[in-house]
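S.K.: The structure follows.
What follows draws every value from the coordinates through simple rules; no lab data is involved. Quantities reported herein were computed from a predicted structural model and do not represent experimental measurements. Here the Cβ is made from the backbone with ideal geometry for all residues, glycine too, and neighbour counts use every protein chain on show.
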Amino acid sequence: MPTRIFLLAAGLFGAAGVAMGAHGSHGGFEAAAAAQIHVASTYLLLHATALAALAALASQGRYARAPLRLCGFCLTLGTLLFSSSLYLHHALHWPTRLAPAGGGLLILGWIMLVTLPLWRRRNHRRRHGFLTIF
């Protein structure tokens, strides 16, 4: 289940990142606005790739499901909040209040990704004993 959701988010973020980048480059925005839209586009494309890699990890079944899902949830929601907040600020003049929350979720998601191997070991030890790890 998380594999499909992560792949869906990766595809949507990738497409939105390309579209947003094109609109920011050719939309007639001022330099500061175009720079922020470029940042939002870059974050979408970067995290689309990360979510596709997370989907590949999820399909292998080597890591505990809960931390993997939490990592994907944080990366997905964080990317959505951060990038859409920056883009909508310049496209529709909305405030960027959600960007810091999105950024915090992105940081948490990356930290969860780093800790995934630790979760695997802990679960592996509980099921099979200490010596079967090696």
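S.K.: For Cα pairs less than 8 Å apart in space and 6+ apart in sequence, what is the mean separation divided by the residue count of segment 2-129, i.e. the relative contact order in percent?
M.R.: Taking the mean separation of contacting Cα pairs over the length of segment 2-129, I get 26 percent.
S.K.: Applying the Karplus parametrisation 6.51 cos²θ - 1.76 cosθ + 1.60 with θ = phi - 60° to the phi angles of segment 97-103, what ³J(HN,Hα) value in whole Hz is obtained for each residue in order, glycine and proline being reported as x?
M.R.: Each residue of segment 97-103 in turn: 5, 8, 4, x, 5, x, x Hz.
S.K.: Let's see if you can work this out: charge +1 on each Lys and Arg Cβ, -1 on each Asp and Glu Cβ, no other charges. What is the dipole magnitude of segment 2-129 about its Cα centre, in debye to the nearest 20?
M.R.: My answer is approximately 1140 debye.
S.K.: For Cα Rg over 2.2 N^0.38 Å, pick the label among (1) 1.54; (2) 1.10; (3) 1.24 that corresponds to the value derived from the coordinates.
M.R.: It is the value labelled (3).
S.K.: Listed highest first by mean packing, meaning other Cβ atoms within 10 Å per residue, what order do 16-23, 110-117 come in?
M.R.: My ranking of the peptides, most packed first, is 16-23, 110-117.
S.K.: Follow-up question, since we're still on this one. Just name one of Ala66, Ala56, Ser84: the one whose Cα is farthest towards the positive end of the charge dipole of segment 2-129 (beta-carbon charges, Lys/Arg +1, Asp/Glu -1).
M.R.: Among Ala66, Ala56, Ser84, the one farthest towards the positive end of the dipole of segment 2-129 is Ala66.
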